[in-house]
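Please treat every number below as a calculation from the coordinates, not as lab data. Just so it is clear, the model here is predicted, and its values are computed rather than measured.
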Amino acid sequence: DTEVTQTPKHLVMGMTNKKSLKCEQHMGHRAMYWYKQKAKKPPELMFVYSYEKLSINESVPSRFSPECPNSSLLNLHLHALQPEDSALYLCASSPGQGLNTEAFFGQGTRLTVV
Amino acid sequence: GQNIDQPTEMTATEGAIVQINCTYQTSGFNGLFWYQQHAGEAPTFLSYNVLDGLEEKGRFSSFLSRSKGYSYLLLKELQMKDSASYLCAVSYSGAGSYQLTFGKGTKLSVIP
């Protein structure tokens, strides 16, 4: 199993809603990532979890709240988002150690904030 | 910080060869990845270089020179389906974990 599964694939939410994005992998990877990608831009790193602990927070606003319940799951809780937060949200995982740190990406959640 | 440069757009003809360059400046460098991304889809892994030299994988090859902070992706026998964005990404050590920073991507258009 070399898949990273993200749900939902598409999400439309209002600015007062609370929603969550989910990500799952069963490759035994110990590092998991959230990236945000706007149209025609490269993915931008938001958060890194290493061994289920938050190790990187790239100055992301508090309306985005990550959670890593266990080594296979990564959530991104959304609250009071703005229209400019509309983007493709990509989850990725990697072994987390050693030199070969190929990141496997999920298919992403396309988020629209209205 | 990390600085990665690659051309914004390139156009090539079906059946031809194209080389996409990437230069980088980074601390804690581990290796360099190339990803392909079709519009609206997630990036997919193409190649990984950690040592200097050429890595060949079918129609795709990738080269790395660590001393020059330079890599290229070579695509041979171009097909229409190769039209996509190609992202150069640098892996580096930071804050107890490995991170991946992407360049802005090169949009490749393959024409008949």
Rounded if a/c is under 1.5, else prolate if a/b is larger than b/c, else oblate: which is chain A, with a ≥ b ≥ c the root eigenvalues of its Cα gyration tensor?
prolate
For the range B:1-77, just say rounded, prolate or oblate: build the C-alpha gyration tensor, square-root its eigenvalues into a ≥ b ≥ c, call rounded for a/c under 1.5, and beyond that prolate if a/b exceeds b/c, oblate if not.
prolate
Excluding residues fewer than 8 positions from A:LYS41 in its own chain, the lysines with Cα under 25 Å of it are A:LYS9, A:LYS19, A:LYS22, B:LYS81, B:LYS104, B:LYS107
Roughly speaking, what is the centre-to-centre gap between the range A:16-79 and the range B:13-44 when only Cα atoms are used, to the nearest Å?
23 Å
